[in-house]
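Where a number appears in this text, it was derived from the coordinates with a stated rule and is not lab data. A quick note: this is a predicted structure, and the numbers were derived from the prediction, not measured. Backbone-built Cβ (ideal geometry, glycine too); neighbour counts: all protein chains shown.
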Amino acid sequence: MQLPIKRLISTLVCFLTTCVIATLVYVSHGWNIVDAVYMVVITIFGVGYGEVQPIDTLTLRTVTMMLIVVSYGCVIYIAGGFIQMMMEGEINRAMNRRRMTRGIEELTDHTILCGYGRAGHILARELMRSETSFVVIDTDKDKLQDAEARGMLVLEGDAVEESVLERAGISRARVLATVLPDDAANVFITLTARELNPTVEIVARAENPSTEKKLLRSGASRVVLPAVIGGQRMAQLITRPGAEEMLASSDGNSELQHELEQIGLKLEEMQVDIGSPLDGHQTGDIELKGNQSFLIVAVRRANGEIVVDPPPDCGLVGGDSVILLGHAGELPQLTRRYAATEEIMYRGSKLTISE
């Protein structure tokens, strides 16, 4: 497209230069500027009103003939160039649509991504990184152009409509992910997709927690609530900063935490308070029910230093934190067992109370 534009600009410069030269020639032969410009205009457009002043010299006749030939040629070339650019643009768009359609038709066991907003953009990026074949559906042309520029297969339309999902290959798809910010639209897309393909796995986004049950009843395999996930993540950063730091040091931390929860495990941070049973002891002294049915992943010092895979003789002092991996049901018992104790006097006797 750059070359035709350059040619058009060159032709336009040639045309204007010819008009200026002809005007100057007329003026040099005693014509006033108004008559010279008028003569150039009626000559270019072939109006045929007649000559403003007699053209009775060889120079004037030669310049007039050159003006007619060059100006007509330039005008025709410029008009043809504009038509060519428009036709090429339409042809290229048609070819791109055809290529995109052919690419979608060849997909099998692919993922259909409904919505290319903020969540859809992140999901599409991860799918590309994992080399998973997918197609993006959205009604926003600008978003689709961005996705297409990144090498994604795109389809313009409303995923609520059966025809759009069919064009996206819903019958051959393995997964459908609907991540629109509108819960009602996600419910309708889930219903439509489940009807068209009873075996497809549907992952749906829900902004309102009350929508989760509706999506599951509509046929969604899994429901993701970004607000809930975000709140849980913030709570973990506040209540278990050491464990979160350990998770953040590895790739795919949220995925790891999710996988651990699926098999009943949990990554927990146990604070070593001053005066607690672990203050001044070693990691090897930590036990539950007479055995170590857990894994000590790391020790987080009070100054922020992290000791990964500490040895049994790793000393613990007040202010440290022990990051443990174990069964979700047992770790709270372990935390309570080694919580700090407080001695109080009651009627002359000492009582030890766990915090």
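What FRET efficiency would be calculated for the residue pair D313, R337, taking the C-beta separation as r and a Förster radius of 25 Å, to the nearest 0.05? Please report the intermediate quantities before stating the final value.
Numbers: r = 21 Å, r/R0 = 0.83.
So the FRET efficiency works out to roughly 0.75.
How do I137, I104 rank when sorted from fewest to most other Cβ atoms within 10 Å of their own Cβ?
Working: I137 26, I104 19.
Lowest count first: I104, I137.
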Describe numerically, in nm with one decimal, the distance between label points set 7 Å from Cα along Cα→Cβ at H281 and at N32. 11.2 nm
Cα-derived Rg over Rh, computed across the stretch 263-343 with Rh taken as Kirkwood radius: 0.94
Determine the gain in length on full extension of the stretch F45-T108; use 0.36 nm per residue of separation and subtract their C-alpha separation, reporting nm with one decimal. 16.7 nm
Each label point is 7 Å from the Cα along the Cα-to-Cβ direction; what then is the distance between the points at I76 and R125, in nm? 5.4 nm
In whole Hz, the Karplus estimates of ³J(HN,Hα) for the stretch 24-30 (6.51, -1.76, 1.60; θ = phi - 60°; x where Gly or Pro) are 5, 5, 4, 5, 5, 9, x
R0 = 56 Å: FRET efficiency of A184 with H327, Cβ-based, nearest 0.05? 0.90
Neighbour-count order for M234, M270, M66, fewest beta carbons within 10 angstrom listed first: M234, M66, M270
Using amide H atoms built in the peptide plane, which far-off residues or other-chain residues are under 5 Å from V272 H to H? G319, D320, S321, V322
Net lengthening on full extension, I83/E148 (0.36 nm per residue, minus Cα-Cα): 20.8 nm
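With r as the distance between the Cβ atoms of I9 and E161 and R0 = 41 Å, compute the FRET efficiency 1/(1 + (r/R0)^6) and round to 0.05.
Numbers: r = 45 Å, r/R0 = 1.09.
In this case the efficiency is close to 0.35.
Using 0.36 nm times the number of residues separating A302 and R222, minus their current alpha carbon distance, what extension gain do you get?
Details: separation 80, 0.36 × 80 = 28.80 nm, distance 4.02 nm.
Stretched out fully, the A302 to R222 stretch lengthens by 24.8 nm.
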